[in-house]
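This report refers to the structure that appears directly beneath it.
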């Protein structure tokens with residue numbers, strides 16, 4: 001595994017530890033992460049939220065940036081928030097669906 005692959009694996013691990021404040025599932029398992037690109041220690045993350053007007057968008061993107069910045073070998077982090085394409089529940093991972101069902105959500 002090269003350095004970029006190692007960092008990407010750690011980024012995903014960090015993203016699985018950052019939870020939506022209203023739904024007890026990680027931003028990764030909710031399908032908010034559209035892309036993670038790593039090049040020479042520079043990380044670019046394309047992500048979304050359930051709705052464009054989410055009042056917690058700054059808090060969530062800041063948690064993502066800070067969490068990824070703490071990974072060894074990361075030089076810079078860019079978090080790009082996008083709503084194209086719009087998020088849908090189809091993006092939720094199987095792990096996320098399992099967690100949501102355990103909390104009583106019908107998915």
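The values are calculated or read from the model by the stated rules, or taken from the named source; none is laboratory data. The structure displayed is predicted, hence computed values, not measured ones. Don't worry about glycine lacking a Cβ; one is built from the backbone with ideal geometry, like all the others, and counts go over all protein chains shown.
Here is how the numbers come out for the structure above:
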{"read-out": "Which numbered condition residue 100 misses (of (1) buried (at least 16 other Cβ atoms within 10 Å of the Cβ); (2) free of Cβ contacts under 8 Å to residues at least 60 places away in the same chain; (3) not in a loop (DSSP other than H, G, I, E, B))", "value": "(2)"}
{"read-out": "Residue check for residue 79: in contact with a helix residue (DSSP H, G or I) (Cβ under 6 Å, 6 or more places away or on another chain) and assigned to a strand (DSSP E or B)", "value": "yes"}
{"read-out": "Test: residue 95 is assigned to a helix (DSSP H, G or I), touching a residue at least 40 places away in the same chain (Cβ under 8 Å) and at negative phi", "value": "yes"}
{"read-out": "Every residue from region 1-34 that is surrounded by fewer than 16 Cβ atoms within 10 Å (Cβ to Cβ) and in contact with a helix residue (DSSP H, G or I) (Cβ under 8 Å, 6 or more places away or on another chain)", "value": "1, 17, 21, 24"}
{"read-out": "Filter pass, residue 67 being assigned to a loop (DSSP other than H, G, I, E, B) and modelled with pLDDT of 95 or more", "value": "no"}
{"read-out": "Of all residues in region 55-69 being over 13 Å from residue 19 (Cα atoms) and under 15 Å from the mean Cα position of the chain (by Cα), the one that is surrounded by the most Cβ atoms within 10 Å (Cβ to Cβ)", "value": "68"}
{"read-out": "Scope region 42-64; condition modelled with pLDDT of 95 or more and in contact with a helix residue (DSSP H, G or I) (Cβ under 8 Å, 6 or more places away or on another chain); matching residues", "value": "43, 45, 47, 64"}
{"read-out": "Test: residue in region 35-46 that is surrounded by fewer than 12 Cβ atoms within 10 Å (Cβ to Cβ) and at negative phi", "value": "yes"}
{"read-out": "Every residue from region 74-84 that is exposed (fewer than 14 other Cβ atoms within 10 Å of the Cβ) and under 16 Å from residue 54 (Cα atoms)", "value": "80, 83, 84"}
{"read-out": "Cross-chain or 6+ apart pairs with Cβ under 6 Å, region 38-59 first and farther than 19 Å from residue 11 by Cβ, then modelled with pLDDT of 90 or more", "value": "50/87; 52/83; 57/49"}
{"read-out": "Residue count, region 82-92 (criterion: within 16 Å of residue 26 (Cα to Cα) and not in a helix (DSSP H, G or I))", "value": "3"}
